[in-house]
Amino acid sequence: MTTTTPRVTVTSDEPFDLRATFPPPSYEQWRSLAEAELKGAPFEKKLIQTVLEGIAIPALSTAQDWDGSGDPRGFPGSAPFLRGSDPLGSVINGWDIRADCQAPQVNEANRIILDELMNGATSIHLRFDAASASGLDPDDPRSSGLVGHDGVMIAHLGDLETVLATVRLDIAPIALDAGAGGFAASALFLALADRRGVDRAVLKGELGLDPLGSWARDGMLAGSLSQELDRLADLCAWTIRRTPHLRSIEVCSSPYHHAGADTAQDLAFTMATAVEMLRGLIDRGLDPTAAARQFVFSESLGCRFFKAIAKLRALRGLWAVLSECHGVRAEGRAARIHVRTSRRVLTTRDPWINMLRDVAACFAGAVAGVEAITTAPYDSAIGPPDDHARRIARNTQIILREESHLGRTLDPAGGSWSLERLTNTLAQRAWEILQEIERRGGMAACLQKGYVAELIDQAYTKRSRDIATRKEVITGVSDHPDFRELRLERPAPDQKALAREAVERLQAWRRALGTHDSQALTQALDHLARVARTPLNERRLGELTTAAIAAAQAGATLGQIHTHSLADPTPLTITPLAIHPAAEAFEELRDAADALTAARGGQRPRVFLATLGNTAQSLPRATYARNFFEAGGFETIEGPGGEDPETIAQAFRDSQAKIAVLCSSDPLYETLVERIAPVLKQNGARTLILAGAPGAREAKDRAAGVDRYIFIKCDVPRILRDLLIEEGAKL
């Protein structure tokens, strides 16, 4: 026998309003309840986060934080373009999955490019080696130590032909990254497209010129800024007329970001660079709108994805305003953005965590609606990435795009009170810095006079302090480290062998030209030099690029094209911005500890954790101490606990450590430090440390034998460095 529950139907003429049943609480009500839960802890300290830029981010945002009335952001694809540059964004085709290629050897580079394109990548970022990025051929004496470093060894058209063999240039976009050699690299690329008969109307890619960014990164500007802007205007004019799907300029924030700039500085430097180049192009006769559409913005992103999303939205808004101020029509104000995982956040220790850092950067870029994303192989901070690491980096994007459908929603961040407020605040901070840069004469003047480096040093100092005190943690390095991990190795390339290979290939190229072709090459280079010496107002824009392409087709090398396309190739030098990985202080300590361990025949420097009392009393500070010392490569050995001095001393002797750390609660310290500390000292403790802030008992602790304290907000790397030096490490 079965029973059924009778259905009850309630009807009413009154409309049902759920909100009337549950009226929304006010912010004041929420705050009152939150403060009660904090039990006296300061609200501003616990529930308001102040980030590096000095911006306060509350735990809860409301409509009072951002007034969305009147739809101030508009629609995606319309001014002010904060919501994206295209009405449909990446909804239909997804974003461009861009893979890096910087393997030094040309045949290996080609293999990697084909593998990437056949397995999900949709474009290639082709980085030229340091010699080419300086405008030098491999046999130039000035290229010593640069050949084969940090990129592909491409010296002439034959090299580029090998690197891009069987790549369809009309289907797979190629983004060049050749630093100061960018103009010459562009000539080689355009010459290759012509040699293959690619229709210029469908040729896709980015030529990637950023003379100011290259100057900041490498410390060398080829000739004067005026000459560089002349070449840039000439190339832009050529591409505007002939190749509608090519963009010539990539304003890259990486030199500043990797050196330690904060987010507002990143935005300000990017905009200051873009404005200086846009003005230079307009002054040389280019239409403002056509010139603005030659720009691509390349931004490095870290792991704080909310701040990264706001940064990218702010960039769109700033560019829309600035380009409008320079006469750019609405269709030219939308910023095209490429993002990549920052080298600053990648670690050599526990590199598997880099996969998660990739996810954070990719997520931020996708939510912000960027056009192209590059995720870094997890081993790229260690050495040349292997196939597995490249596959994981590529598949990270494929999963987020094709399985998580991140690109299917237009501007998911739009309307978020917190993100909209953060976007506005970052834009305002960046605008203030930009105004100061303008007052000081512009980006080039500020680079040359050191103002940019001065600002970055201020941000780097603040961030270093936050990392040292573990206010900003680096998972796997400064927090939750695994000192037992097997070090991931990537053999360093033989730079001398690579240089010999590049020189031999260049010599073979020159021999193959023959007498007749050598004469044609000489004539092409002479013509290029004559055009370069002709004042810009006496020649047609695009003429220099045409001559450079002709020289490349005649067999000219990248170095020859670079030199002959400048009226005066004397470089202008500054001190380059140094790269500062966030984990550098801790990874230096780990390296020193590993070297010491190897010198001792495998015995690590050890720390004995003298746990006092029961587990509940000692565990919190013992866990803190274990994390603290293992971050410096120490092996930690935990004691038996309890309160018996002799038992603890015996365990310390058995550990063979010279450093002991007292770990317990403050009430137990009051009674046990005086009993335990002298015994540990008598039994060979060279350094006795107490886990906890010194406070009022410091004098009594010191008298008992305590040498140091470790506590939240102390300078972790400094203490670890001192202790490793005492152990015999070389630092």
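No lab work stands behind these numbers, since they all come straight from the coordinates. Everything quoted here is computed from the prediction, not taken from an experiment. Ideal geometry is used to build each Cβ from the backbone, glycine not excepted, and the neighbour counts take in all protein chains shown.
Centre-to-centre, using Cα atoms only, the stretch 20-80 and the stretch 705-728 are separated by 40 Å. Sorting Ser618, Ser69, Ser132 by the number of Cβ atoms found within 10 Å of their own Cβ, with the fewest placed first, yields Ser69, Ser618, Ser132. Under the combined filter of DSSP loop state and at most 13 neighbouring Cβ atoms within 10 Å, the stretch 392-455 retains none of its chymotrypsin sites (Phe, Trp or Tyr not before Pro).
Were the residues from Gln428 through Arg31 laid out at 0.36 nm apart, the gain over their Cα-Cα distance would be 140.2 nm.
Scanning the chain for GluC sites (Glu not before Pro) in DSSP loops with at most 13 neighbouring Cβ atoms within 10 Å leaves 1-484 as the longest stretch between them. In this rough spin-label picture, where each label sits 7 Å from Cα along the Cβ direction, the His245-Thr671 distance is 8.0 nm. Treating r as the C-beta distance of Ile725 and Glu436 and R0 as 41 Å, the FRET efficiency rounds to 0.45. Full extension of the chain between Gln650 and Asp526 yields a length gain of 36.2 nm, computed as 0.36 nm times the residue separation minus the alpha carbon distance. Pairs from the list Lys462/Lys730; Lys45/Lys681; Lys204/Lys311; Lys658/Lys713; Lys462/Lys658 with a Cα-Cα gap above 31 Å: Lys45/Lys681; Lys462/Lys658. Kindly list the residues of the stretch 139-168 that lie in the label zone of Arg196, defined by a backbone N under 18 Å from the point 7 Å along the Cα-to-C-beta vector. Within reach of a label on Arg196: 152-168. Does a label point 7 Å from the Cα of Thr289, set along Cα-to-beta-carbon, have any residues of the stretch 214-239 with amide nitrogen under 18 Å, and which are they? Taking a point 7 Å out along Cα→Cβ of Thr289, the residues of the stretch 214-239 whose backbone N falls under 18 Å are 237. Dividing the summed -39500 (n - 2.57) terms of all DSSP H runs of n ≥ 4 by the residue count of the chain sets its mean residue ellipticity at 222 nm at -15000 deg cm²/dmol.
Distances between placed amide hydrogens fall under 5 Å for Ser85 paired with Gly77, all partners being 5 or more residues away or on another chain. Of the trypsin sites (Lys or Arg not before Pro) found in the stretch 452-489, those that fall in a DSSP loop while having at most 12 other beta-carbon atoms within 10 Å are Lys471, Arg484, Arg487.
Loop only by DSSP, 10 or fewer other Cβ within 10 Å of the Cβ. Give me the trypsin sites (Lys or Arg not before Pro) in the stretch 27-104 that pass, ordered by residue number. The qualifying sites are Lys39. Going by neighbour counts of Cβ atoms within 10 Å, the residues Thr647, Thr557 line up, fewest first, as Thr647, Thr557.
Label reach from Arg487 (point 7 Å along Cα→C-beta): in the stretch 632-676, amide nitrogens under 20 Å belong to 632-636.
Rounded to the nearest 0.05, the FRET efficiency derived from the C-beta distance between Ile48 and Arg539 at R0 = 60 Å is 0.50.
By the count of other C-beta atoms within 10 Å, a proxy for reagent exposure, Trp238, Trp352 are ordered fewest to most as Trp352, Trp238.
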